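Where a number appears in this text, it was derived from the coordinates with a stated rule and is not lab data. Bear in mind the structure is a predicted one, so any value in this text is a computation, not a measurement. For neighbour counting, all protein chains shown are included, and Cβ atoms are generated from backbone atoms with ideal geometry for every residue, glycine included.
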Amino acid sequence: MHGRNRAEIYPGLEVDIILKKDQRSGKLTRGIVKDLLTSASYHSRGIKVRLEDGQVGRVAEIVEED
């Protein structure tokens, strides 16, 4: 699942984000959502979030739970 719709993302969700410094390489960072920083309901490059460890980036993928 892509993280472009704000309704799909909530605190406690495990996601892969792209940090600002990793935008060129596309390197993903996995973590748990603490805060949603994008107020719009949709963002073409992904909803911006803060992870529990304090890192900020745009959601690239929502991690599917088995």
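The table that follows gives values for the structure above.
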| quantity | calculated |
| --- | --- |
| Residues satisfying the stated conditions in segment 57-66, i.e. surrounded by fewer than 16 Cβ atoms within 10 Å (Cβ to Cβ) and of a type in the set (A, V, I, L, M) | VAL63 |
| The one condition in (1) at positive phi; (2) surrounded by fewer than 12 Cβ atoms within 10 Å (Cβ to Cβ); (3) in contact with a strand residue (DSSP E or B) (Cβ under 6 Å, 6 or more places away or on another chain) that GLY54 fails to fulfil | (3) |
| Residue count for segment 1-17, restricted to those that are part of a strand (DSSP E or B) and β-branched (Val, Ile, Thr) | 2 |
| Selection within segment 1-49 - more than 12 Å from ILE62 (Cα to Cα), polar (S, T, N, Q) and surrounded by 12 or more Cβ atoms within 10 Å (Cβ to Cβ) | GLN23, THR38 |
| Set GLY26, GLY46, GLY12: member being under 9 Å from the mean Cα position of the chain (by Cα), small (Gly, Ala, Ser) and on the phi > 0 side of the Ramachandran plot | GLY46 |
| Strands (runs of 3 or more DSSP E) contained entirely in segment 18-66, each with at least 1 residues that are touching a residue at least 24 places away in the same chain (Cβ under 8 Å) and of a type outside the set (A, V, I, L, M, F, W, C) | 29-36, 56-62 |
